Amino acid sequence: MDLTEKTLKETTIFDGRIIRVHVDDIELPNGKPAIREIVEHPGGVCVAALTDRNTMTFVRQYRYPYHKVLLELPAGKLEKGEDPLTAGLRELEEECGLQAETVRSLGCVYPTVAYCSEIIYLFLATGLTKTHQHFDEDEFLETVELTLDEAVEMVMRNEITDSKTVAMVLKIARLKETGAL
């Protein structure tokens, strides 16, 4: 069965600094019309910095849409045309003051598949060297170091709820458990 939906018309509703919102008239696989509301996002990166002691550096950051502070792994938005690995290394140093000797891709996640085009590229950083943090002018955060086991428990208790961080913590725990890391 062909599940593809065909775009017939795209109407931009908002074109901002980070996102673009459009409403599309589409044709469903059965030939019937429908409407899709889409948020276009340039994508992002998330980096888990894992030490030899099995600790990871997280950031506590206020997230305005939820009006609360969340605990997350370091992450950031991709600039137009930017290489995800380059962005990940930049974010790791900016937010945590860390550089990595080795970086391994752990794939990507699609955080909001129903209406947003964002893709977040996941990286595991090891062989860490401390440098210094340098936040963007509108960025305010604190770093927190947790063991991998503590992070897994916090995910399971719903204390870490950010989707990219949940995915990374559980992927890394599974890789460690199976000896693939």
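The values are calculated or read from the model by the stated rules, or taken from the named source; none is laboratory data. Nothing here was measured: the structure is a model prediction, and the numbers come from that model. Virtual Cβ from ideal backbone geometry, glycine too; neighbours counted across all protein chains shown.
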Open item on the list: Tell me whether the range 47-62 contains one or more residues that are within 16 Å of the chain's Cα centre (by Cα), surrounded by fewer than 12 Cβ atoms within 10 Å (Cβ to Cβ) and under 30 Å from Glu5 (Cβ atoms).
Closed with: no
Open item on the list: Looking for something of a type in the set (A, V, I, L, M), in the same structural domain as Arg53 (by TED's automatic domain parsing) and modelled with pLDDT under 95 - is there at least one such residue anywhere in the range 138-145?
Closed with: yes
TODO: Look through Lys32, Lys68 and report the one residue that is surrounded by fewer than 18 Cβ atoms within 10 Å (Cβ to Cβ), in the same structural domain as Asp136 (by TED's automatic domain parsing) and either more than 19 Å from Phe140 (Cα to Cα) or not polar (S, T, N, Q) (or both).
DONE: Lys68
- [ ] Could you tell me which residue of the range 32-67 is nearest to Leu98 (Cα to Cα), considering only residues that are touching a residue at least 40 places away in the same chain (Cβ under 8 Å) and of a type in the set (Phe, Trp, Tyr)?
- [x] Phe58
Task: Scope the range 142-165; condition in contact with a helix residue (DSSP H, G or I) (Cβ under 9 Å, 6 or more places away or on another chain), closer than 16 Å to Gln61 by Cα and either surrounded by fewer than 18 Cβ atoms within 10 Å (Cβ to Cβ) or free of Cβ contacts under 8 Å to residues at least 12 places away in the same chain (or both); matching residues - done: Thr143, Glu159, Thr161
